[in-house]
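Note sheet for the following structure.
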Amino acid sequence: MNPWPPHSAPFMHTNTSVTQVMLRVQIASILPLVVHIYFFGWGIAVQWILAMLTGLVVEYAMLHLRGRPVKPFLLDGSAVITVTGLTFCIPPESPWWLIVLGVSFALIFGKHLYGGLGFNPFNPAMLGYAFLLVSFPAEMTQWTLPSAVSGHTLSMTESLIKIFTGHLPASIMDQVTGATPLDHVKTGLTQGIGVPETLNNAQTIWHGVAGHGWIQVNLAFMLGGLYLLWTRTIRWQYPVGFLGALGLMAAIFHAIDPNQYPPVLFHLLSGGTMLAAFFIITDPVTASTTPLGRLIYAAGIGVLVYIIRTWGGYPDGIAFAVLLMNIFVPLIDQYTQPRVKGHPR
Amino acid sequence: MRTVLRAFSRLYPMAKRWLKRFPGGVYPSYRKELSLRHPCHDPIIPDELVLPLQQHVGAPAVPLVTVGERVRKFQRLAKPAPGLSAPVHAPTSGLIKAIEKRPLPHPSGLPDWCIVIEPDHEDEAGEMPIEIETPTCPTSLKQMILQAGIVGMGGAGFPSWRKLPQKKGQVHTLLLNGAECEPYITCDDMLMQTRAEEIIRGACTIAACIGAEKIIVGIEDNKPRALAAMQQAAEGRGVEIQSVPTVYPMGGQKQLTEQLTGIEIPAGAHAVDVGLLMFNVATVAAIHHASEYHQPLISRMVTVTGEGLNDPMNIEALLGTPFATLAALADPKTELNYPLIMGGPMMGFEVPDPTVPVIKTTNCILANPPQPVEPAMPCIRCGECMEACPVNLLPQQMYWHAHAHEWDKVEKLNLFDCIECGCCSFVCPSHIPLVQYYRHAKGEIRKLREEQAFQEHARRRHEAHLARLEREKQEKEARLQAKKAAVKKQAAQQTPASSATPSARQRAIEAAKKRAQQEAGGASTSSAADKRKAAMEAARKRAAAARGSQDKSTDTTAEAKAQRKQAAQAAAKAKAAALKAQKTAQQSQQTGATEQQSPRKAAMEAAKRRAQALKAKKQAQTGENSEKTAPNTDQETAEKTGPQKNGGTPMATTPEAADSAQSSPPSAEARRKAAMAAARKRAAALRAKKQQESES
Amino acid sequence: MISAVVIFIALAALFGLLLGYAAVRFRVEAPPVVEEIDKVLPQIQCGQCGYPGCKPYAEAVAHGEAINKCTPGGEAVMLKIAEILGVEPQPMAEGEEAEKSRMVAFIHEQDCIGCMHCIKACPVDAIVGTTKAVHTVIAQECTGCELCVPVCPTDCIEMQPLPETPRNWIWPDPEKVIPTVIPKLESPHP
């Protein structure tokens, strides 16, 4: 009458599930999505839907090919997180095949070929992003300007036309796309223009702090991240370690030479800083798992991001920083094991 | 600070984790109110009581009663086996219906030996089996607890006497565990509400015996009534009642100890080592009964609860009462066609059969209709398990290695510090049965260790076996040589058959006797390899002596005799040393495994006797052989000892044969007697062994 | 050109000396290989390898005997020996046996005639008995080598698994019990 052999206690459960965890991340990303649409137009919504569809098809195909049960893995929502993370990273008006390629690469090479959920050593979204960045650098740097800056808001139809055909009147295109604030600072420096000057002159900079629109999106990410912290979906060590290290690096170098190095707030509120702090590096599968290890991992990413942003060839270095630290995760885990109760340190 | 945290925990529930001293812990939904709606149920006597011989950690008890015997309440039914064990007593009067294998309340669901009593419902008490009047020192308290058969009643089942310190004053603080952190279970709560006085007095008795200066009782703050009752009972007795935050697993020994005293018990150490001693409140109540009324442990408070019952309750149940009987009392909502759980939902286990009996560790019978088992998803390394772990382990990494069957790596991650509380499985979003992985890994590692120990043991036994064969061969050769020498000498001297010199065989017998004596008395610690060498050396000497005697047999018989005797003695000594070495080797191997000692001892005894009998028998055979077909024997020996013959022709003439035949009958008779005795002893040993087997 | 040659020769000499010194100074005594091998052998003393016991086989292996002859130890032991000796693993002669529980000999006493054959065959002296008296096996000492089975004239010895009791029972592998979507280790990835 009993199911035998027995299974072990506990016979209770907290009613959490992988799906639930992933769902919370998805909920937290709604606010940034809305803010993003508000400032940068509908492009991201189109990209997001496109990415979702691609993700669904790729997941289904891969699970089927690998002979895995489709339903539990399709419903676990991990692909959705990857897709969302990647969507926020690519320019909103980039051609449709960019996101399709990126998502496919992220899911196939970043996840399934390693054995699927829980077995991938690298963050799939960042792997996809890095793949796109090195393969299509031109397309990846054509960012849409915030409507407040360009003075033109792309309508839904215009976005669709741009994404799927690439043919928009050149006048509009020149008007709505341009460099990101991080790019501005970098190119300014190469032309001998100091950081304070760029920050004050560039029309894309908001109150001389960081990029217009970018600040708001970053703050939205932070709010979403706080929700994740409150629901214990992510651990405090990730944002604290990452933002702390990045801020500290920025503070030190800004103090050394304000003309050469942008201030702390500029670093914290531009590019994908907050996205990374709360949504990207918090991916538990590829991050360190011990409490101290998480801090080290996050701080390592922070330092690397600053280094790549300041001295590297790319305007933003989050993807490479994350991937580099992913390599170190087993090592960090090995040497940061907590003291077990009753054992000497 | 606490109030601030408490307020904050409304906003952020997991802030509750900062209220306590040990890490981790979880907050399952408590359903303790279910079984607290009614006062304690009246005790019942069921139609059948099943008393397993093993209700505790350690060796099963040894039955003292036979089927068909009438027993009275409190009568001792089984005595504790040597080592870690506890006796079993009759919960009521009745007939012993059977002693047979019955399913046990054990996760394996395997049957084991039980004494089955058919109660006569007269409940006639017999003599109390406890001889200690009032315990005054740790030793007498130990004796009393052992005689009362009290084991850890919180669920661990570790014989309580073993936890006590050796000397007075070794323990400075006595801790009482009334935390009862499992959701659903309320038996300790009920006990503290109704018998607080007994618990406090029991604690005072123990503290007085072991010289503890302080008594602290830890009770979770979700049991206000128990707290109040205990506080009232403790008034003026110097017992501190501490309310501890409600968190699972607060009731874990190490966890509660840290919460109450701030002392972290080092891994591998016992609480006694740091001057602490912890007992469950139910155990203390049982100890009080033993010291005050000299009653053994025959019943315990059991919570019968669960979502599947209409009338969950607590009941003072006789040990041996079937689960089904108790569950039926609580009015099941539907037919109990799902497995009952012994213990709480966090650490309990499903029992294979509803008829399994209540044992000393049964704190709860839980009838929860089973939830559908969620399929396990892959680990996403979220780290929830690590934050829930009260021991600070890395459950997720341990799982990883356990899943890959890398037992050494799991062990390195301190698997054996895992208390199997189930917090990690409880919080795992992937629904991975983590605890079961660890339990399986622990079992596998223990099995591997046992196997290794057994391999080592087998290797030693094989070496001893080889050494024995070698020795026997040498002995045989030496005997033959001696005999031949004697024959030759006699032939040369042409003396009558009944000469003053004893025959070679007799001398060999004498040597054997001496050896046997030395076996008992000799002392040596040489290793197995040494002993083999020594045996060979002795054999060589013996052979040389024999050869020497052959050469010189014509002139100096006395000298030859002396030589031979010396050689024999040397051989005997070497052999004794070898045997001793083997014995010490075997004994050193069984490190502390006292429960195995007796069968092994018996086996060794038997083996020794067997060896003696074998020798005697062989000698008898040779005697008989020489009696019947003397020439044949010589031919055989000639074949066997070809190179060592030294050209000496076998002189098998009839007079010598007759001589040996004459000398053999009385000694052969004695030998036969010895063999019979040995056989009898062996049979006894065999019986003992069989009994042991039947008990286990 | 010449200076480069001189430098390299000097360097080569220096490193050679260093290496030579290190080899002498930090010399590690190789552990006795026979003992090491003997340790990993199952010590059943069954003689299935063609040697009279585990130790002789260990000695033979150390002197170049094939490492795949220990049938009871199976592949696991073969791999361990390969590791100790630093040689290529050799496939086991027969198909790998499924993992089985420890077997011990059991004598059906009604058929035992007390012939002593099995007692002589037992490599670990685990059988008790004497002439014309019923023999029995000390289960705790039996290694399950099966050497006593063929010598019995009445075929009264049978190999039986050690009975499973609550004391030697261990929790089953959860992967065999609980439905999971995690791929089993044994199954190859499709």
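Taken together, the values in this text are just the output of simple stated rules run on the coordinates, not laboratory data. Everything numeric here is computed off the predicted structure, so don't read it as measured data. Counting neighbours? That spans all protein chains shown, and the Cβs are built from the backbone with ideal geometry, glycine included.
If you take the Cα atoms of segment A:16-178, find Rg, then find the Kirkwood Rh from the mean of 1/r over all pairs, what is Rg/Rh?
Details: Rg = 16.4 Å, Rh = 16.4 Å.
Here the Rg-to-Rh quotient is 1.00.
May I ask which residue of A:SER104, A:LEU50, A:VAL21 lies farthest towards the positive end of the charge dipole of segment A:16-178, with charges of +1 (Lys, Arg) and -1 (Asp, Glu) on Cβ and the Cα centre as origin?
Checked the options; the winner is A:VAL21.
Return the Rg/Rh ratio of chain C with Cα-based radii and a Kirkwood Rh. Each step should come with its number before you reach the end.
Values: Rg = 26.0 Å, Rh = 21.3 Å.
Over the Cα atoms of chain C, Rg/Rh equals 1.22.
Starting from the coordinates of the alpha-carbon atoms of segment A:111-181, obtain the Kirkwood hydrodynamic radius over all distinct pairs and give the value in Å to one decimal. Walk me through the numbers before you get to the answer.
Values: mean 1/r = 0.0686 Å⁻¹.
Hydrodynamic radius (Kirkwood, Cα pairs) of segment A:111-181 is 14.6 Å.
Given the alpha-carbon gyration tensor of segment B:51-121, what are the semi-axes of its equivalent ellipsoid in whole angstrom, ordered largest first, with each equal to the square root of 5 times an eigenvalue? Each step should come with its number before you reach the end.
Working: eigenvalues 79, 43, 18 Å².
Taking √(5λ) for each eigenvalue gives 20, 15, 10 Å, largest first.
List the GluC sites (Glu not before Pro) within segment B:277-341 that fall in a DSSP loop (any state other than H, G, I, E or B) and whose Cβ has at most 12 other Cβ atoms within 10 Å.
On the way: sites: B:GLU292, B:GLU307, B:GLU316, B:GLU335; in loops: B:GLU307, B:GLU335.
Taking segment B:277-341 and a limit of 12 other Cβ atoms within 10 Å, the loop GluC sites (Glu not before Pro) found are B:GLU335.
Just check segment A:187-269 against the gyration tensor rule for me: Cα atoms, a ≥ b ≥ c as the square roots of the eigenvalues, rounded for a/c under 1.5, and otherwise prolate or oblate depending on whether a/b exceeds b/c.
Since a/c reaches 1.5 but b/c is at least a/b, the shape of segment A:187-269 is classed as oblate.
Could you work out the pair-distance distribution P(r) of segment C:1-41 from its alpha-carbon pairs, with 10 angstrom bin width and percents rounded to whole numbers?
So the P(r) values, bin by bin, are 24, 23, 20, 17, 10, 5.
Cα atoms only: what Rg and Dmax, in Å, come out for segment A:237-277?
In Å, with Rg to one decimal and Dmax whole: 10.2, 32.
Separation of segment C:45-96 and segment B:202-269 by C-alpha centroid, Å?
The two parts, judged by their Cα centres, are 58 Å apart.
Treating the Cα atoms of segment B:435-479 as identical point scatterers in vacuum, please give the log10 of the normalised Debye intensity I(q)/I(0) at q = 0.31 Å⁻¹, two decimals.
The calculated log intensity ratios at q = 0.31 Å⁻¹ are -0.94.
Taking the convex hull of the Cα atoms, report for segment B:1-137 its projected area averaged over all directions, in nm². List each step's numbers first, then the result.
Working: hull surface 58.7 nm².
The orientation-averaged projected area of the Cα hull of segment B:1-137 comes to 14.7 nm².
For segment A:269-345, what is the charge dipole size about the Cα centre, in debye to the nearest 20, if Lys and Arg each add +1 at the Cβ and Asp and Glu each add -1 at the Cβ?
Values: 5 positive and 3 negative charges, 76 e Å.
Around 360 debye, computed over segment A:269-345.
Divide, for segment B:127-197, the radius of gyration over alpha carbons by 2.2 N^0.38 Å, where N is the residue count. Please report the intermediate quantities before stating the final value.
Numbers: Rg = 14.3 Å, N = 71, 2.2 N^0.38 = 11.1 Å.
Ratio of Cα Rg to 2.2 N^0.38 Å: 1.29.
Label chain A by shape, choosing from rounded, prolate and oblate, from the square roots a ≥ b ≥ c of the eigenvalues of the Cα gyration tensor; if a/c is under 1.5 it is rounded, and otherwise prolate applies when a/b is larger than b/c, oblate when it is not. Can you show the working numbers first?
Values: a/c = 2.13, a/b = 1.33, b/c = 1.60.
It is oblate, given that a/c is not under 1.5 and a/b is not larger than b/c.
List B:LEU329, C:LEU17, A:LEU226 from most exposed to least, where exposure is judged by having the fewest other Cβ atoms within 10 Å. If you can, show how the numbers build up before the last one.
Values: B:LEU329 19, C:LEU17 10, A:LEU226 13.
Ordered by Cβ neighbours within 10 Å, fewest first: C:LEU17, A:LEU226, B:LEU329.
Quick one: what are the phi-derived ³J(HN,Hα) couplings along segment B:304-310, Karplus 6.51/-1.76/1.60 with θ = phi - 60°, whole Hz, x for glycine and proline?
Calculated HN-Hα couplings, in order: 10, 8, x, 5, x, 10, 7 Hz.
Counting other C-beta atoms within 10 Å, which of A:TRP97, A:TRP48 has the fewest, and how do the rest follow?
Numbers: A:TRP97 13, A:TRP48 21.
In increasing order of surrounding Cβ atoms, one gets A:TRP97, A:TRP48.
What share of Cα pairs, in percent, lie more than 15 angstrom apart in segment C:33-85?
Numbers: 404 of 1378 pairs.
Everything past 15 Å amounts to 29 percent.
Placing unit charges on C-beta atoms (Lys and Arg positive, Asp and Glu negative, everything else neutral), compute the dipole magnitude of segment A:56-158 about its Cα centre in debye, rounded to 20. Write down the numbers at each step before the final one.
Numbers: 4 positive and 5 negative charges, 91 e Å.
The dipole magnitude comes to about 440 debye.
Set the bar at 24 Å for Cα to Cα. Now go through B:LYS79/B:LYS360; C:LYS69/C:LYS176; B:LYS168/B:LYS214; B:LYS163/B:LYS360; B:LYS32/B:LYS214 and name every pair that lies beyond it. Show your work: numbers first, answer last.
Details: B:LYS79/B:LYS360 16 Å; C:LYS69/C:LYS176 32 Å; B:LYS168/B:LYS214 14 Å; B:LYS163/B:LYS360 17 Å; B:LYS32/B:LYS214 30 Å.
Violating the 24 Å Cα-Cα cut-off are C:LYS69/C:LYS176; B:LYS32/B:LYS214.
Convert each backbone phi in segment A:185-198 into a coupling constant with the Karplus relation 6.51 cos²θ - 1.76 cosθ + 1.60 (shift: θ = phi - 60°), then list the ³J(HN,Hα) values in order as whole Hz, x for Gly and Pro.
Coupling constants for segment A:185-198: 4, 5, 5, x, 5, 5, 8, x, 8, x, 4, x, 4, 4 Hz.
When N counts the residues of segment A:181-332, how does its alpha-carbon radius of gyration compare numerically with 2.2 N^0.38 Å, as a ratio?
On the way: Rg = 15.3 Å, N = 152, 2.2 N^0.38 = 14.8 Å.
After normalising by residue count via 2.2 N^0.38 Å, the value is 1.03.
Along the charge dipole of segment B:132-295, which of B:GLN232, B:VAL284, B:GLN170 sits closest to the positive end, that is, farthest toward it, with unit charges on the beta carbon of Lys, Arg, Asp and Glu (+1, +1, -1, -1)?
Comparing the listed Cα positions along the dipole, B:GLN170 ranks first.
What is the mean number of Cβ atoms from other protein chains located within 10 Å of the Cβ atom of each residue in peptide C:115-125, rounded to a whole number?
Values: counts 0, 2, 0, 0, 2, 1, 0, 3, 5, 9, 10.
Across the residues of C:115-125, the mean count of other-chain Cβ atoms within 10 Å is 3.
Return the ratio Rg/(2.2 N^0.38 Å) for segment B:132-295, where Rg is computed over Cα atoms only. Don't skip to the answer; put the middle values down first.
Values: Rg = 14.4 Å, N = 164, 2.2 N^0.38 = 15.3 Å.
Scaled against compact globular proteins, the figure is 0.94.
Assigning unit charges at the beta carbon (Lys, Arg +1; Asp, Glu -1) and nothing else, what dipole magnitude in debye, to the nearest 20, does segment C:103-161 show about its Cα centre?
Details: 2 positive and 7 negative charges, 37 e Å.
Computed about the Cα centre, the dipole is about 180 debye.
If r is the Cβ-Cβ distance from B:HIS38 to B:LYS167 and R0 is 30 Å, what FRET efficiency results, to the nearest 0.05? Before the final figure, lay out the partial values.
On the way: r = 45 Å, r/R0 = 1.52.
Between B:HIS38 and B:LYS167 the formula returns 0.10.
Could you work out [θ]222 nm for chain C from helices alone, using -39500 (n - 2.57) per DSSP H run of at least four and dividing by all its residues? Round to the nearest 500 deg cm²/dmol. Kindly include the intermediate steps, with their values, before the conclusion.
Working: 6 runs with 62 residues, N = 190.
Mean residue ellipticity, 222 nm, calculated: -9500 deg cm²/dmol.
Where a ≥ b ≥ c are the square roots of the eigenvalues of the C-alpha gyration tensor, would you call segment B:70-163 rounded, which needs a/c under 1.5, or, failing that, prolate if a/b is larger than b/c, or oblate?
Details: a/c = 2.43, a/b = 1.21, b/c = 2.01.
Judged from the Cα gyration tensor, segment B:70-163 comes out oblate (a/c at least 1.5, b/c at or above a/b).
Among C:MET103, C:VAL151, C:GLN140, pick out the residue whose Cα is farthest towards the positive end of the charge dipole of segment C:103-161, where Lys and Arg carry +1 and Asp and Glu carry -1 on C-beta, about the Cα centre.
Most positive-ward Cα: C:VAL151.
Could you give me D for segment B:249-343, from Stokes-Einstein at 10 °C and 1.306 mPa s, where the hydrodynamic radius is the Kirkwood radius over C-alpha pairs? Units µm² s⁻¹, please. Provide the component values of the computation, followed by the final result.
Numbers: Rh = 16.3 Å.
Taking Rh from Cα pairs, D becomes 97 µm²/s.
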